[in-house]
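Structure record follows, encoded as structure tokens.
The values are calculated or read from the model by the stated rules, or taken from the named source; none is laboratory data. Just so it is clear, the model here is predicted, and its values are computed rather than measured. Note that each Cβ is placed from the backbone with ideal geometry, even for glycine, and that neighbours are counted across all protein chains shown.
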Amino acid sequence: MTSDTSRAAATEAATAIREVAERVKTNIKRVIVGKDEVIDLVLVALFSDGHILIEDVPGIGKTMLAKSIARSIGCEFRRIQFTPDVMPSDITGINFYNQKAGEFEFRPGPIVANIVLADEINRATPRTQSALLEAMEERQVTVEGETLSLPRPFLVLATQNPIELEGTFPLPEAQLDRFFMRIGLGYPGEEEEDEVLTRFEDGSPLEELDAVVTAEELVHLSTLVPRVYCEPSVRRYIVQMVQATRKHHAFELGASPRGSLGLYRGSRALAALRGRDYVLPDDVKFLAPYVLTHRAILSSQSRLRGGDASAVMQEVIDSVPVPVEG
């Protein structure tokens, strides 16, 4: 550390983030069974001001997870069910003429919320998908020349089904790069699924979920994330890892600088969640597949040979030397 003051600030920030994260996680686990790692990743995204793409099959609790997060942090939750006929104005909102008032008024769309579930986003047309770009990156929407700032915190949880391809529009690289990370929930194990049946037997525990932190607290905590210390050698490790994705022969395009920034900030948030005021290479290595894989594009030759982006990315991550103390 550069000084005792900066070390104290890092410790204070990490303690505050971890304490709130534990409260939120405990609350969410009253509804979501056996997904501790996924909940941690979502919390990292929340503290890092990032959006999440959930790529998984239907019926495994994506909506329940989004609602549980929104209730736990006392935020407004909205859901957008994407279909090919959804228009950009259905997302951002419209100006309409109020005959009673005798003037035009803006009616905000479902994007104006804290937690937005963009369900089956790849069923929307490219034009509609692009309506999310400004909201996700700039935290604002522009309708007919008027700009409206979105509430904070603001998190988009988008889902897409990796199996069903008919009637879908694959997300372009620019849209994928806006997502902080891509994750999957996966099927529950036998014991976990039995617990789900028991827990939901008499109704949904979601209805009894109360907020354990305010939106204002969460926004404040996100400003503390940069105080968590990252050794220059670990920062360099992040840079080398991202650079390696651009040099690997199996990738046509590697991860962008936005990926570097996401991994840098996310690693600090993860360190705080794990009870530390400093980042370890293990934090970076754990988070890298979720933050970088969807940003890299396999070459045509790799795709023809049946290459898998996740496997190649893991190969890249393992190839970068881990910094050691001293």
Among (1) under 19 Å from the mean Cα position of the chain (by Cα); (2) of a type in the set (S, T, N, Q); (3) surrounded by fewer than 21 Cβ atoms within 10 Å (Cβ to Cβ) - the single one Thr26 does not satisfy: (1)
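Would you point out which residue out of Arg71, Arg79 is crowded, with 19+ Cβ neighbours inside 10 Å, more than 14 Å from the chain's Cα centre (by Cα), basic (Lys, Arg) and at negative phi?
Arg71 is the lone residue from the list that is crowded, with 19+ Cβ neighbours inside 10 Å, more than 14 Å from the chain's Cα centre (by Cα), basic (Lys, Arg) and at negative phi.
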Scope the stretch 230-249; condition surrounded by fewer than 21 Cβ atoms within 10 Å (Cβ to Cβ) and under 13 Å from Met313 (Cα atoms); matching residues: Gln243, Ala244, Arg246, Lys247, His248, His249
Contacts under 8 angstrom Cβ, first residue in the stretch 241-253 being farther than 14 Å from Ser300 by Cα, partner of a type in the set (S, T, N, Q), 6 or more apart: Val242/Ser260; Ala244/Ser319
Filtered residue count, the stretch 96-134, keeping only those that are farther than 30 Å from Glu216 by Cβ and in contact (Cβ under 8 Å) with a residue 12 or more places away in the chain: 10
Near pairs, Cβ below 8 angstrom, 6+ apart or cross-chain, from the stretch 161-176 (loosely packed, with under 13 Cβ neighbours inside 10 Å) to any residue that is at pLDDT 85 or above and assigned to a loop (DSSP other than H, G, I, E, B): Gly167/Pro84
Some residue of the stretch 205-214 being within 19 Å of Lys285 (Cβ to Cβ), without any contact (Cβ under 8 Å) to a residue 24 or more places away in the chain, surrounded by fewer than 20 Cβ atoms within 10 Å (Cβ to Cβ) and over 22 Å from the mean Cα position of the chain (by Cα): no
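Answer yes if at least one residue in the stretch 30-38 is in contact with a strand residue (DSSP E or B) (Cβ under 8 Å, 6 or more places away or on another chain), outside the structural domain of Asp277 (by TED's automatic domain parsing) and not aromatic (Phe, Trp, Tyr), and no otherwise. Outline the logic, then answer.
From the stretch 30-38, those in contact with a strand residue (DSSP E or B) (Cβ under 8 Å, 6 or more places away or on another chain) are 38; that's our starting set.
Filter once more, so that each one left must be outside the structural domain of Asp277 (by TED's automatic domain parsing): 38.
Remaining after also requiring not aromatic (Phe, Trp, Tyr): 38.
Yes, the stretch 30-38 contains at least one residue that is in contact with a strand residue (DSSP E or B) (Cβ under 8 Å, 6 or more places away or on another chain), outside the structural domain of Asp277 (by TED's automatic domain parsing) and not aromatic (Phe, Trp, Tyr).
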Matching residues in the stretch 26-49 - criterion: being closer than 16 Å to Lys62 by Cβ and in contact with a Lys or Arg (Cβ under 6 Å, 6 or more places away or on another chain): Ile39
